[in-house]
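The values are calculated or read from the model by the stated rules, or taken from the named source; none is laboratory data. None of these values were measured; they are calculated from a predicted model. Positions of Cβ are generated from backbone atoms using ideal geometry, with glycine treated the same way; all protein chains shown enter the neighbour counts. Please note that ligands, DNA and RNA were not included when accessible areas were found on the heavy atoms of the full protein model with its side chains. Shrake-Rupley method; radii C 1.70, N 1.55, O 1.52, S 1.80 Å.
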Amino acid sequence: QLQLVESGGGLVQPGGSLRLSCAASGFSWDDYAIGWFRQAPGKEREGVLCISRSGYSTNYADSVKGRFTSSRDNAKNTVYLQMNSLKPEDTAVYYCAARQRFCSDYESAYDWWGQGTQVTVSS
């Protein structure tokens with residue numbers, strides 16, 4: 001059974017940092033692009049960024065540019081989302097998703113999804 005599991009969420013003060021992890025089971029990362037999405041209460045899910053097979057990140061949300069970066073460790077089948085200078089408006093459930101080959105900002109392009117991890121930014 002193919003699955004993705006997010007972890008690392010929690011409560012953080014504004015200006016703080018968190019690192020989320022997305023771990024794969026049932027397949028290897030090598031041929032997959034990994035997208036990050038988030039959904040705030042009462043809002044639809046939005047694309048945040050994507051990391052390519054070669055490790056390059058593309059931001060899909062202007063609000064996170066310069067603050068969020070993604071990296072990958074294929075040997076561990078794990079992708080990371082480093083979130084710095086967090087703001088209250090970053091509060092959301094964060095999801096990772098996988099698709100073969102190339103990055104995409106369309107939810108429908110991704111075949112496998114994690115169940116999400118909650119990030120709350122509050123003082």
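Every condition in (1) free of Cβ contacts under 8 Å to residues at least 60 places away in the same chain; (2) open to solvent by less than 50 Å² (accessible area, probe 1.4 Å) is met by TYR80 except one, and the failing one is (1). Taken as a whole, the condition of being at pLDDT 95 or above and open to solvent by 60 Å² or more (accessible area, probe 1.4 Å) applies to GLN118. Of the residues in the stretch 53-73, at least one is in contact with a strand residue (DSSP E or B) (Cβ under 6 Å, 6 or more places away or on another chain), among the small types (Gly, Ala, Ser) and closer than 15 Å to LEU4 by Cβ.
The rows are residues; the columns are (1) in a strand (DSSP E or B); (2) not polar (S, T, N, Q).
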{"site": "PHE37", "(1), (2)": "yes, yes"}
{"site": "LYS43", "(1), (2)": "no, yes"}
{"site": "VAL48", "(1), (2)": "yes, yes"}
{"site": "SER71", "(1), (2)": "yes, no"}
{"site": "VAL79", "(1), (2)": "yes, yes"}
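Contact map, the stretch 85-98: residues that are open to solvent by 40 Å² or more (accessible area, probe 1.4 Å) paired with residues that are among the hydroxyl-bearing types (Ser, Thr, Tyr), Cβ distance under 7 Å, separation 6+ or inter-chain. Pairs shown: PRO88/SER122.
Among the conditions (1) assigned to a loop (DSSP other than H, G, I, E, B); (2) crowded, with 17+ Cβ neighbours inside 10 Å, GLY66 misses just one, which is (2). Kindly establish whether GLY15 is modelled with pLDDT of 95 or more and either in a strand (DSSP E or B) or more than 24 Å from ARG53 (Cα to Cα) (or both). Here the answer is yes, as GLY15 does meet what is asked. Can you work out which of the residues in the stretch 22-50 that are over 24 Å from SER85 (Cβ atoms) and open to solvent by less than 10 Å² (accessible area, probe 1.4 Å) is farthest from the chain's Cα centre (by Cα)? Among those that are over 24 Å from SER85 (Cβ atoms) and open to solvent by less than 10 Å² (accessible area, probe 1.4 Å), it is TRP29.
Apart from one condition, ARG19 fits all of (1) open to solvent by 60 Å² or more (accessible area, probe 1.4 Å); (2) in contact (Cβ under 8 Å) with a residue 40 or more places away in the chain; (3) within 14 Å of PHE68 (Cβ to Cβ); (4) in contact with a Lys or Arg (Cβ under 7 Å, 6 or more places away or on another chain); the exception is (4).
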